[in-house]
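**Q** Questions regarding the structure given below will be posed in turn.
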Amino acid sequence: MKLKKFGRGFFTLGGPLQNFKELLLDGKVVFNNQKIFKWYLNNVRLRQDRNNNWLPTKQSQSRKIDGFAAALDAHVSVIDLLVRPDDGNFEMPEYHSFNDF
């Protein structure tokens, strides 16, 4: 499995954050109604730059958003897999379950 680096700024997270937000609002993100994930979501504040890109930040220094940040990072990693390319060269990525590690 290859690791892929990506930045954590407005430009890199803006699009995936908007997409993740829509998936959350549509009920398409499965988090099994876990209280800790709801708590992380309640701690998130969105900051906007002049180009209308969004970045998640903490409501305050004492709040934690680690679970939300991890979910967003995972979403950034797979967002390209949600759309099939037009050139017909689509290959299904290798699937790994948590039990594989």
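Throughout, read-outs are computed from the coordinates displayed, never taken from laboratory work. Remember, it's a predicted structure, so these values are computed and weren't measured experimentally. Every residue, glycine as well, gets a Cβ built from its backbone with ideal geometry; the counts of neighbours run over all protein chains shown.
**Q** How do 41-47, 63-69 rank on mean C-beta neighbours within 10 Å, highest first?
**A** Output ranking for 41-47, 63-69: 63-69, 41-47.
**Q** Answer rounded, prolate or oblate for region 27-68, using the Cα gyration tensor with square roots of eigenvalues a ≥ b ≥ c: rounded when a/c is under 1.5, else prolate when a/b is larger than b/c, else oblate.
**A** oblate
**Q** By how many nm would the segment from ALA74 to GLN48 lengthen if fully extended, with 0.36 nm per residue of separation less the alpha-carbon distance?
**A** 7.2 nm
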